[in-house]
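Trainee: Have a look at this one.
The values are calculated or read from the model by the stated rules, or taken from the named source; none is laboratory data. This is a predicted model, so every value here is computed, not measured. Every residue, glycine as well, gets a Cβ built from its backbone with ideal geometry; the counts of neighbours run over all protein chains shown. Each accessible area value is taken on the protein alone, full model and side chains, heavy atoms only, with ligands, DNA and RNA left out. Shrake-Rupley method; radii C 1.70, N 1.55, O 1.52, S 1.80 Å.
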Amino acid sequence: LIYSAAGFKLKDVEVKLLHNEQQAFAAENLRNAQEAEKKARGTRKVEALLKKMQKAAAKQDEFMKQHDLQIQREALASIDRDHFGRNDDAQILKSMTGDDPYCMGEQVKIHSRKAGIDAPSRSLRYGRPFTFLRIGDGDINCITGQGGTGSNNDGIEYARYPDQCHELARDLSEFGSTDDSNLFVLVGTLFLCKNPELQAIFDSFLQETKLHPSFKGFITSGFYMDLIGDEYRNLPRAIPGAQETFPYLVGRKVVAVGPTHLKKLQRTLNLADFIDAHDAAGRIDDLVYQMGNYSAQWPKENVVFLVSAGFGGRLAMYRSWKVLGHKDTFIDTGASLDGFAGVESRDSNDKEKMCMNLPEFMASGVCRTAAVTVV
């Protein structure tokens, strides 16, 4: 009995010791778990703090972007950096003609289109196909048979191309015979207002020709299409002399059709390729064929053709519009791009002025770095 009692006491002590060890182990596990939870809470707090900081940084970035955009808009409102002739034409006409805002002629007034030059610019911005043609004083002389032995600013003698001049006149009377919603035809009214004799000749021609009744009419404001966009003008330039792309041509398939010096504008125009347009009036079929090939090369894309090829180029554009106008864009850029390549073909292509106002779009080497003003 004594041994049995001692055995039970020993057993009881062992059980108590085991129980105590289990409690100690459980307590240690609890402490470890609590410590781990504490660390985890700290980690979660750090992660939450980091997320808050990231959100705050994103908000700050967005605020700065909006702030910069507002500054750019204000700068745009205060400084005119416009090369593409988007001045207030009504004001210019008034200063030239006094109380006669319709010095462009009665027929042009009757056949004026409600949409202004901003309409094709919007189409370009949003990637919609369209064609933009211009009629200048040289074209009017050509159309009306008044060219004689004269020539235009590019030295083209109209007497050499009587058939092409007749075609241009036929095209004018044909506008509107098919849906011309995306065909924009601009008449350079400033030329008419400066030259009353030319205005009278053109007015008489339009009256006799009888334009198609469905023709949407002439755009009578501006002269060149805007390739930059108001929202991009007068941007701060961090790197003087760096060549940029016209904003409306970024991400587009662009083919220039014109003189070889436009190849210098590879970056400015975002050129995918180039078509030499020398003697365009004598090579209309060839230009139409080449533009058609480039359109077929990118069958699912709206190809933008920038055409600087005189009245021969305009004939090629209209022919191409009749076949490809639903898919591609044809823009009559005339001499508006020459200055960017360093060629002062017109008064508006003043290299010094353009290097001061639009240096980021000038061809490499045209502007001296010292002449570039950083805004």
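Trainee: Determine the dipole magnitude for region 180-333: charges of +1 sit on the beta-carbon of Lys and Arg, -1 on that of Asp and Glu, nothing else is charged, the reference point is the Cα centre, and the result goes in debye to the nearest 20. Numbers along the way, then the final one.
Mentor: Values: 16 positive and 16 negative charges, 68 e Å.
So the dipole magnitude of region 180-333 works out to roughly 320 debye.
Trainee: Can you tell me the Rg and Dmax of region 157-236, counting just the alpha carbons, in angstroms?
Mentor: So, for region 157-236, Rg and Dmax equal 16.1, 52 Å respectively.
Trainee: Only four residue types carry charge here, +1 at the Cβ of Lys and Arg and -1 at the Cβ of Asp and Glu. Report the dipole size of region 173-222 about the Cα centre in Debye, rounded to the nearest 20. Before the final figure, lay out each step's value.
Mentor: Working: 3 positive and 6 negative charges, 28 e Å.
Approximately 140 debye in magnitude.
Trainee: Need one value: the accessible area of MET356 in square angstrom, 1.4 angstrom probe, rounded to the nearest 10.
Mentor: 100
Trainee: Also, I was wondering about something else. Report the accessible area of ASP276, computed with a 1.4 Å probe over the heavy atoms of all protein chains in place, in Å² rounded to the nearest 10.
Mentor: The value for ASP276 is about 60 Å².
Trainee: Please label the shape of region 309-362 as rounded, prolate or oblate, based on the square roots a ≥ b ≥ c of the eigenvalues of the alpha-carbon gyration tensor (a/c under 1.5 means rounded; beyond that, a/b larger than b/c means prolate, else oblate). All intermediate terms of the calculation are to be shown ahead of the outcome.
Mentor: Numbers: a/c = 4.98, a/b = 2.32, b/c = 2.15.
Since a/c reaches 1.5 and a/b is larger than b/c, the shape of region 309-362 is classed as prolate.
Trainee: Here is the link list: LYS109/LYS194; LYS253/LYS300; LYS109/LYS210; LYS114/LYS194; LYS264/LYS351. Which ones come out longer than 18 Å on Cα distance?
Mentor: Details: LYS109/LYS194 16 Å; LYS253/LYS300 11 Å; LYS109/LYS210 14 Å; LYS114/LYS194 23 Å; LYS264/LYS351 15 Å.
Where the Cα-Cα span goes over 18 Å, the pairs concerned are LYS114/LYS194.
Trainee: Let me ask something additional. Only loop residues by DSSP count here, and only those with at most 15 other Cβ atoms within 10 Å; note down the chymotrypsin sites (Phe, Trp or Tyr not before Pro) in region 243-339 that meet that. Each step should come with its number before you reach the end.
Mentor: On the way: sites: TYR248, PHE274, TYR289, TYR294, PHE305, PHE311, TYR318, TRP321, PHE330; in loops: none.
Hits after loop and neighbour filter: nothing returned.
Trainee: Give me the net charge of HIS166's neighbourhood, meaning all other residues with Cβ under 15 Å from the Cβ of HIS166; Lys, Arg count +1, Asp, Glu -1.
Mentor: On the way: positive: ARG160, ARG170, ARG314, ARG319; negative: ASP139, ASP163, GLU167, ASP171, GLU174, GLU208.
Spelling it out: positives minus negatives among the neighbours equals -2.
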